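Colleague: Handing you this structure, nothing more for now.
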Ligand code: PLP
């Protein structure tokens, strides 16, 4: 039976979400639009099948085609990232990080990651997460002057803390990260280096961001951000850690793999090998730099003064607006982004002094520099009249008109 017949309530809500995505400007740095090929792979009969274990070492019968699919995904991941070993089973970026920590550390071991209030992820040692509860976690911060990672400070903290594992990588950091330097610091204190490229993986494979794979013991990523694949995780590591990592994923922290998602990961890894994908990543960065410069021209302070990647942070302190207020007014206007702490923020994570802006999704729609100027202007107008709901509704119509010029799901679904 079709979903529209068996559960019209859910069917209608999905239709509404397709429309929301089609007619909103998605500037959430961690989001993207997947293509029809990824949607096809994810919504197929592979969801039926149990395949605990790994190709040719399964605990269930009937895994012949799944073995082929997973092996293709693994081979593509190894080729694309030039990695010795790949595990494509983590259900998410958080599961990938959990598996690495579980695979090489003992509970209570010391870890050192980027402080969550300075751009790190929950799984890098935040108190609220398993990473801060099961391990003894410490954080490094960005420099107060440059708002960039101060490698001498990271080294100083590493010497003091003596961690078993150092985590490089972030959720809200607009600058290149020097992974070679991180490895030197890790070596100097006898720590493993795990690099989390969840946000920047697409830029890395396109050669638009320094590559961590040869420097790190472990590289983790999501497959759904700049990679433009299905929601999921991936781990890359040196051959010497292959067994420990595989065992940490299954049976360590997961049961049956999501084979429909693994098939979609394989498709996205193939897509990421094309010149079109490389050009897409270059345009993401061009768009981020252009949007960032356009905001700066309008008088907004940009954290660290700019961006090298797909995102940037805007400090709203001088405008007397909180990140929360900005997020809500922009959402009403059809512009989706998220409030974000800025380094040394005086406000809490629910209010914040800043917003995070990213360009992967709008770039997928085909928007380029001229549209970035229009977007900066739209954001500025909404923030200038932060309390004017009627005006925000008017802007929403302009956003819809702009989105209609760059159709994406309207090409696939009747809207
Ligand atoms: N690592 C980083 C750096 C992230 O930004 C994120 C998600 O935002 C994750 C890991 C976790 O990914 P997931 O949401 O798939 O668990």
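Please treat every number below as a calculation from the coordinates, not as lab data. Since this is a predicted model, take the numbers as computed values, not measurements. We place every Cβ from the backbone using ideal geometry, glycine too, and count neighbours over all the protein chains shown.
Colleague: Taking a quarter of the surface of the Cα convex hull of the stretch 217-273, what do you get in nm²?
Modeller: For the stretch 217-273, the mean projected area of the Cα convex hull comes to 4.3 nm².
Colleague: Just to be sure I understand: with springs between alpha-carbon atoms less than 10 Å apart, which residue in 332, 110, 58 has the highest mean-square fluctuation in the Gaussian network model of the chain?
Modeller: 58
Colleague: Using only alpha carbons, build the gyration tensor for the stretch 1-40 and give me the equivalent ellipsoid semi-axes, biggest first, whole Å.
Modeller: Over the Cα atoms of the stretch 1-40, the ellipsoid semi-axes are 24, 14, 7 Å.
Colleague: To continue, here is another question. Would you mind checking the radius of gyration and Dmax of the stretch 1-88 based on alpha-carbon positions, in Å?
Modeller: So, for the stretch 1-88, Rg and Dmax equal 17.8, 48 Å respectively.
Colleague: Ok, one more. Averaging sequence separations of C-alpha pairs under 8 Å and six or more residues apart, then dividing by the length of the chain, give the relative contact order as a whole percent.
Modeller: Rounded, it is 22 percent for the chain.
Colleague: Percent relative contact order of the stretch 1-111, based on C-alpha pairs within less than 8 angstrom and at least six residues apart?
Modeller: 9
Colleague: Follow-up. For the stretch 369-415, just list the percent of Cα-Cα distances falling in each 10 Å bin from zero outward, please.
Modeller: 24, 44, 26, 6
Colleague: Can I ask one more? Suppose we keep just the DSSP beta bridges with both residues in the chain; what percent of those would be antiparallel, to 5?
Modeller: 55
Colleague: Let me ask you something else. Taking the convex hull of the alpha carbon atoms in the chain, what volume per residue do you get, in Å³? Mind dumping the intermediate values first?
Modeller: Values: hull volume 58.3 nm³, N = 415.
Each residue corresponds to 140 Å³ of Cα convex hull volume.
Colleague: I'd like the projected area of the stretch 39-271, averaged over all directions, using the convex hull of its alpha carbons. Report it in nm² with one decimal.
Modeller: That works out to 11.9 nm², a quarter of the Cα hull's surface.
Colleague: When Rg is the radius of gyration of the Cα atoms in the stretch 119-197 and Rh is its Kirkwood radius, what does Rg/Rh come to? Each step should come with its number before you reach the end.
Modeller: Details: Rg = 11.9 Å, Rh = 12.8 Å.
When Rh is taken as the Kirkwood radius, the ratio is 0.93.
Colleague: So, one more: For the stretch 351-365 and the stretch 155-228, write down the distance between their C-alpha centroids in whole Å.
Modeller: Rounded to whole Å, the Cα centres lie 22 Å apart.
Colleague: What is the Å³ per residue value for the convex hull set by the Cα atoms of the stretch 186-322?
Modeller: Working: hull volume 22.6 nm³, N = 137.
Hull volume normalised by residue count: 165 Å³.
Colleague: Helix-only estimate, please: 222 nm mean residue ellipticity of the chain, summing -39500 (n - 2.57) across DSSP H runs of length 4 or more and dividing by its residues, to the nearest 500.
Modeller: -13000 deg cm²/dmol
Colleague: Now a separate question. Any chance you could tell me what percent of the C-alpha pair distances in the stretch 261-415 go past 28 Å?
Modeller: Of all Cα-Cα pairs in the stretch 261-415, 25 percent lie more than 28 Å apart.
Colleague: For q values of 0.17, 0.20 Å⁻¹, compute log₁₀ I(q)/I(0) with the Debye formula on a Cα-only model of the stretch 161-255, without solvent.
Modeller: Per q value, in the given order, log10 I(q)/I(0) is -0.79, -1.05.
Colleague: In nm, give the distance between the simple-model label positions of residue 146 and residue 390, each being 7 Å from the Cα along the Cα-to-Cβ direction.
Modeller: For the pair residue 146/residue 390, the computed spacing is 5.0 nm.
Colleague: For the chain, modelled as a GNM with alpha-carbon contacts under 10 angstrom, which of 389, 232, 53 fluctuates the most?
Modeller: Comparing 389, 232, 53 in the GNM, the peak value goes to 389.
Colleague: Could you work out the relative contact order of the stretch 131-188? I mean the mean sequence separation of Cα pairs under 8 Å and 6+ apart, divided by the number of residues, in percent.
Modeller: After rounding, I find 29 percent.
Colleague: For the stretch 329-415, compute the orientation-averaged projected area of the C-alpha convex hull (one quarter of its surface), in nm².
Modeller: 6.9
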